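Peer 1: First the structure, then my questions, so here it is.
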Amino acid sequence: MRGAMELTVELDHVGNAVFDESGTYVASFMLDDQIVGEIDFPVFVQTSAEKLSKETEEGLKKSDVIWVGYERGGRRRTAPVWFAYKNGKIYVVSQREVGPEEQTVPGVPDAQEMLVITRRKGRDTSLEEFTAAQRVLEGAEWEEAAKWLVDKRKSRAGAPAESIQRWRGSADIIELTPNLPS
């Protein structure tokens, strides 16, 4: 931050900071290794966009599969995944250990930001891509999302309750909140 007399110099700039949880944090200002000022600031859980673009909405409503993963160091690691879309958020199941029983989404649950690629219905081409914040669901939220997801699972073996029971011990359910420009 520049001073009124241009005597101060900005040494560190923190951009695109990501916090693991909401709450109040403290920013400290240091001069010659001494704290000369502090300020409290709140961090809130990100809300989904009130309305996604028409193309994004259509891509999510008409498709059974999207690509989800992460990008690090210029390299992308994504996988095609089935999903549920509700109220501006995307829900996916990700098996913790890679195996044939269920999909495993790259970057779940550790990546700070996920990459989502929607597709055009009936074509193997991407429609739109964007980043999304991920949140691992627990408790009642997990149970509710599991009901939505089990209905979307096309190649499910057995009754819905059997799939949900299997997921309880072996899979995370992730809520993805799109980071779309307003």
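Peer 1: Considering each residue of region 85-110, count those that are closer than 19 Å to SER170 by Cα and out of contact with any Gly (no Cβ under 8 Å at 6 or more places or on another chain), and give that number.
Peer 2: 17
Peer 1: Filter region 138-158 for residues that are out of contact with any Ser or Thr (no Cβ under 9 Å at 6 or more places or on another chain), surrounded by fewer than 17 Cβ atoms within 10 Å (Cβ to Cβ) and either modelled with pLDDT under 85 or not aromatic (Phe, Trp, Tyr) (or both) and give the result.
Peer 2: Passing the criteria: GLU138, GLY139, ALA140, GLU141, GLU143, GLU144, LYS147, ASP151, LYS152, LYS154, SER155, GLY158.
Peer 1: So, restricting to strands (runs of 3 or more DSSP E) that lie completely within region 12-121, which ones have at least 2 residues that are within 13 Å of the chain's Cα centre (by Cα) and at pLDDT 85 or above?
Peer 2: Fully inside region 12-121 and qualifying: 65-72, 89-95, 114-119.
The values are calculated or read from the model by the stated rules, or taken from the named source; none is laboratory data. From a predicted model like this one, the values you see are computed outputs, not experimental measurements. Here Cβ is always computed from backbone atoms with ideal geometry, including for glycine, and neighbour counts include all displayed protein chains.
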